[in-house]
Each structure stands twice: as structure tokens, then as C-alpha cells.
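Okay, structure first, notes after.
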Amino acid sequence: MQGVHNFDTDTFNIALYTSAATLGADTTAYSTANESAASGYTAGGNTLTVSTTPTSSGTIAFVSFANTEWTSALTARGALIYNSSKSNKAVAVLDFGADKTSATTFTVTFPTADATNAVVRIS
């Protein structure tokens with residue numbers, strides 16, 4: 001998991017995107033194209049805190065992040081976790097399944113950090 005990304009020392013961000021964004025398996029780096037432009041949202045998103053550094057359980061390695069939030073009303077369809085220490089290279093694309101809208105605070109809640117649920121898992 002640390003061939004490019006060093007989860008112990010690098011800085012990771014999460015950017016929010018509208019439904020017009022084309023995020024997917026071929027997304028290689030952060031882009032401002034179709035990023036959220038809501039009031040109170042800053043391009044580039046939030047800096048993430050690594051909550052679980054690379055850990056393994058059996059044949060699964062995983063890492064996770066602390067929840068993050070924006071204290072403004074906004075709508076997002078997905079997000080990109082990227083490494084701002086390594087030329088904004090993509091780490092993971094998050095698809096929310098539909099537009100998600102907040103009236104006051106928009107929170108991205110990461111799943112339990114374990115081999116079954118962590119947001120980033122490699123087997």
C-alpha cells in the first residue's frame with residue numbers, strides 16, 4: 001500500500017464532485033472539473049486524517065480516515081481521495097450512489113477500519 005502513497009507521512013485530501021463528474025477506475029489524479037462549487041466549499045476539499053495506518057488482517061491490508069465535514073449546505077454525487085504530497089495522485093473514488101444534499105453540515109462518514117469494511121482494502 002505504500003508503493004506510491006505513504007499513509008504514515010503523506011497528506012491526503014478529499015474533494016467533492018457533482019453528478020456531472022466522470023470519476024471512475026481510470027481517474028488518476030485530482031481535477032477541478034465538475035468539483036462542487038457550493039458556497040462554503042473550497043476547491044481541493046478537506047485534508048483528511050489517517051485514522052488507521054496500513055494494517056493487515058490475514059491476507060487483507062487496509063487503511064482508513066477520520067470522518068470529515070463541511071459546515072455548509074451542499075450537494076455532492078461523489079468524492080475523490082487524493083494524495084496532495086504526490087502530485088495529487090488518486091487514492092480512491094467514492095460513489096455516493098445518488099446526489100446527497102445537506103441543509104447545514106455535509107459529513108463524509110468512513111466505515112469501520114477493518115479488513116471487511118475499511119474504505120481502502122487490498123487483498
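Of the listed peptides 38-51, 72-85, what is their order by residue-averaged count of other C-beta atoms within 10 Å, with the highest listed first? Let's see the in-between values first.
On the way: 38-51: 14.5, 72-85: 19.8.
Packing order, densest peptide first, comes out as 72-85, 38-51.
Percent relative contact order of the chain, based on C-alpha pairs within less than 8 angstrom and at least six residues apart? Write out the running numbers ahead of the final one.
Values: 274 pairs, mean separation 37.4, N = 123.
For the chain, the relative contact order is 30 percent.
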Extension gain, Thr9 back to Phe96 (0.36 nm per residue minus Cα-Cα distance, nm)
28.5 nm
Given region 1-54, what whole percent of its Cα pairs are spread farther than 17 Å?
47 percent
With Gly24 itself left out, Lys, Arg at +1 and Asp, Glu at -1 over residues whose Cβ is under 13 Å from its Cβ give -1
Highest to lowest packing among 63-70, 4-11, scored as the average C-beta count within 10 Å
63-70, 4-11
To the nearest Å, what is the center-to-center distance of region 2-63 and region 79-123, using C-alpha atoms only?
6 Å
Convex hull of the chain built on C-alpha atoms - directionally averaged projected area, nm²:
7.2 nm²
Extension gain from Ala66 to Thr42, taking 0.36 nm per residue of separation minus the Cα-Cα distance:
6.7 nm
Binned at 10 Å from zero, the C-alpha pair distances of region 55-105 give percents of 19, 38, 33, 9, 1
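Where a number appears in this text, it was derived from the coordinates with a stated rule and is not lab data. Source: prediction; values computed, not measured. With ideal geometry, Cβ positions are generated from the backbone for all residues, glycine too; neighbour counts draw on all protein chains shown.
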